[in-house]
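Remarks on the structure that follows.
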Amino acid sequence: MVREPDDPVNDHVPTPHTATFVHSGRAALRWLRTPLPAPPASLRRGPFQNGAFPSRLRSPRLTALLGVALALAFGTCFVTGLLDHLIQHPPGWFHWPSRPVWLFRFTQGLHVATGLATIPLLGVKLWSVYPRLFRWPPARDPAHAVERLGVLVLIAAGLFQLVTGVLNIALWYGPMHFFFPSAHYWTAWLAIGAILAHIGVKLPIIRTGLTHRPPNAVPPGTLTRRGLLAATAGAAGVITLATVGQTVAPLAPISLLAPRRPRTGPQQLPVNRSAAAAGVRTLAADPGWRLILDGPAGTTRLSLGDLAALPQHTVSLPITCVEGWSADAVWTGVRLRDLIARAGGDPDNHEVLAESLETAGLYRSSVVDPAHAHDPLTLVALQLRGEPLHLDHGYPARLIAPNRPGVLQTKWLSRLTVRPER
């Protein structure tokens, strides 16, 4: 039988272009596996010489166990950090609920607590692989060079995330000559990508390390590998207990390293950004202050007395900041859904743009979606713990809503714009 030129049976015959591509790919693989030239012996000094790292505690099993712990810790930080980013900058498909009211408190507290506990884990993991950074030659071939470059990216990204994270929760931005949220967010993607690539490359070694128990080669009476792992876990535990009190109030007395205390600040509540720092002291204290309520029914200007004359409601809600601290508080004010109705809107279908007296800054306004706008716990708060709001807590009026980051709980309100959900 004679086959036609376009017979599907002939489709497997390689074209000249396909053959060239296959040949180039094979040549590239051969080049990647070509050994690099031997290094000069004169460079084998200091950490590059044989026997420079005599510790017997290092082993593939120790490195594998620490690596698993680090992967879980960084994975937890990545997921919770990504969630925080989506809440603050929600794409169209993302919707964050208003209940339970403690959910963001839990996820962000977990994010910061896990990040701090990761510090000793990363330190010991780097110690366990430190001699490999000085292996000679630095790379056996181009493929090995690419692998080692990926390890350097992983180390740099991991250290950057932990160092900048600690600086952020301490509100110490002087050493960071860049915008922390953006840098932290994009480096997190770089770090998690490097971790996944590293696991893919090292998976056979990881399996061997986890299944093979090397003999205890350290002299009796000295630190063992098991003891080193226990000490590392203990250090992570101590750091957690010494800081998590900024989220878990009952542990505050023993959290000596916590950057914030739940009841430290005006009206027993911490403050991140004061009225002076925001440049609103004069405007907020002006007797002529009015809250502009704009919506389908028109524009209304409400004085503090007008707001106080409306039905008042008292709720107990935590305020949670992205730095990891949170504190319970009792707020009194006007339900946001009542103000939406007053402006001619529907709390089920309208969102609210809440604007501050601040004239600059990324967080001078926030959008309250219908899920939070409709919730009866969402208030334009006028009082904190039964007293008028302290100036640093948003006097004369501020937003307080369940299950939202503190940066979205807009203080020193100047305008509420009711509009259809976008």
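Overview of results
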| item | result |
| --- | --- |
| Potential lengthening between R263 and V129 on full extension [0.36 nm per residue; Cα-Cα distance subtracted] | 43.9 nm |
| Rounded to 10°, Cα long-axis angle of helix 225-241 versus longest principal axis of the chain | 10 degrees |
| Net lengthening on full extension, Q312/V68 (0.36 nm per residue, minus Cα-Cα) | 82.6 nm |
| Reported label for calculated log10 I(q)/I(0) by the Debye sum over Cα atoms at q = 0.06, 0.09, 0.11, 0.12 Å⁻¹ given (i) -0.45, -0.72, -0.88, -0.98; (ii) -0.40, -0.73, -0.91, -1.00; (iii) -0.24, -0.57, -0.89, -1.08 | (ii) |
| Sites matching trypsin sites (Lys or Arg not before Pro) across the stretch 61-141 that sit in DSSP coil, with at most 14 neighbouring C-beta atoms within 10 Å | R135 |
| Residue-by-residue Karplus 3J(HN,Hα) for the stretch 171-186, coefficients 6.51, -1.76, 1.60, Hz, glycine and proline x | 6, 10, 9, x, x, 9, 8, 7, 7, 4, x, 5, 5, 5, 5, 6 |
| Backbone HN-Hα couplings from phi across the stretch 300-314 [Karplus 6.51/-1.76/1.60, Hz, Gly and Pro as x] | 10, 10, 10, 7, 4, x, 4, 5, 5, 7, 6, x, 9, 9, 10 |
| Average Cα contact separation per residue, the chain, under 8 Å, 6 or more apart, as relative contact order % | 17 percent |
| Cut-off under 5 Å, modelled amide H: who pairs with L382 long-range | T332, G333, V334 |
| Residue list for the stretch 47-65, given a label point 7 angstrom along the Cα-to-Cβ vector of I205 and an amide N cut-off under 11 Å | 60-61, 63-64 |
| Relative intensity, log₁₀ I(q)/I(0), of the stretch 268-367 from a Debye sum that treats every alpha carbon as a point, q = 0.17 Å⁻¹ | -1.08 |
| Nitroxide proxy distance, nm - points 7 Å out along Cα→Cβ at A143 and R226 | 3.9 nm |
| Neighbour-count order for Y363, Y173, fewest beta carbons within 10 angstrom listed first | Y173, Y363 |
| Spin-label pair R44/L152, simplified geometry with 7 Å Cα→Cβ offset, distance in nm | 2.3 nm |
| V248/W93 FRET efficiency (R0 25 Å; Cβ-Cβ; nearest 0.05) | 0.15 |
| Beta bridges by DSSP in the stretch 273-422, antiparallel share as percent, to the nearest 5 | 90 percent |
| Sequence-distant residues sharing a close amide H with S414 (under 5 Å, placed H) | E355, S356, L357 |
| Derived scalar couplings ³J(HN,Hα) [the stretch 119-128; Karplus, 6.51 cos²θ - 1.76 cosθ + 1.60; whole Hz; x for Gly, Pro] | 4, x, 4, 5, x, 6, 4, 5, 5, 5 |
| Ranked W189, W93, W127, criterion: other C-beta atoms within 10 Å, fewest first | W93, W189, W127 |
| Using alpha-carbon coordinates, inclination of helix 60-88 to the longest axis of the chain, degrees | 30 degrees |
| Rounded FRET efficiency, nearest 0.05, which uses the C-beta distance separating W186 from L353 and R0 of 35 Å | 0.80 |
| Backbone N within the stretch 245-277 under 20 Å of label point (7 Å from V166 Cα along the Cβ vector) | 245-247, 255-261 |
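Here, each number is a calculation from the coordinates, and none is a lab measurement. All of these numbers come straight from a predicted model, not from anything done at the bench. Note that each Cβ is placed from the backbone with ideal geometry, even for glycine, and that neighbours are counted across all protein chains shown.
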